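Here's the structure we're looking at; comments come further down.
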Amino acid sequence: MIKIIRYFIILSVVVALAGCNLGPLKKRGGKSTDNQQQDNQYSTGGEDSASKFTSGDSLDVSSLNDPNSPLSQRVLYFDLDSSQIKDEDREIITVHAEFLAAHSDITVVLEGHADERGSREYNIALGEKRAKAVKQLMTLQGVTENQIQVISFGEERPVALGHDSSAWNLNRRVEILYTGY
């Protein structure tokens, strides 16, 4: 009986992912000419990262490719076994939500990820829960549902291949990917 349930869970995940309109993978985090910016692409941020998100500046579509724009921060990190959005990441989500609300023709894909610990089914569900938490916060700030697509890769697309806490911290994330930009 348990094998049948597992089979149906895996089958439903495969069918759901097969129905997603995934294009080729693109470099995440935008273009950067500064090596330091590339090194910080998957950093967990800190006090300095929150200070660059000040409201009042109007962001246009060209801001998506500007490494100095607050829209360049497109990776949100999560604690172990959690889909709770961290306080410092709420500002990042707010900037993206304001931009998307002002540009109703632009869409994003929220990719949910998990570290390698836990079963594949659990990690797929956790990645989806993380991405849906970001989606919910964005929709509460005026982004329409049809502008956001949620995908979970669970543990299948790690950015860090190690088997230690530093690698796991980098792999527990949601990536905000702008479609066509």
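Computed quantities for the displayed model
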read-out	value
Output for region 167-181, where each listed residue is under 28 Å from E98 (Cα atoms), outside any strand (DSSP E or B) and modelled with pLDDT of 95 or more	N169, L170, N171, R172
Filtered residue count, region 126-146, keeping only those that are in contact with a strand residue (DSSP E or B) (Cβ under 8 Å, 6 or more places away or on another chain) and surrounded by fewer than 19 Cβ atoms within 10 Å (Cβ to Cβ)	3
Selection within region 79-107 - within 13 Å of L137 (Cβ to Cβ) and among the hydrophobic types (A, V, I, L, M, F, W, C)	I85, I92, I93, V95, A97, L100, A101
Number of the condition not met by E88 [criteria: (1) surrounded by fewer than 17 Cβ atoms within 10 Å (Cβ to Cβ); (2) farther than 16 Å from W168 by Cβ; (3) at pLDDT 95 or above]	(3)
Contacts under 7 angstrom Cβ, first residue in region 161-181 being aromatic (F, W, Y), partner buried (at least 20 other Cβ atoms within 10 Å of the Cβ) and modelled with pLDDT of 95 or more, 6 or more apart	W168/D115; Y178/V108
Members of region 97-125 that are within 21 Å of D60 (Cα to Cα) and buried (at least 19 other Cβ atoms within 10 Å of the Cβ)	A97, E98, F99, L100, V108, L110
Hits in region 63-73 (condition: surrounded by 19 or more Cβ atoms within 10 Å (Cβ to Cβ) and either free of Cβ contacts under 8 Å to residues at least 12 places away in the same chain or assigned to a loop (DSSP other than H, G, I, E, B) (or both))	Q73
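The values are calculated or read from the model by the stated rules, or taken from the named source; none is laboratory data. The structure displayed is predicted, hence computed values, not measured ones. For neighbour counting, all protein chains shown are included, and Cβ atoms are generated from backbone atoms with ideal geometry for every residue, glycine included.
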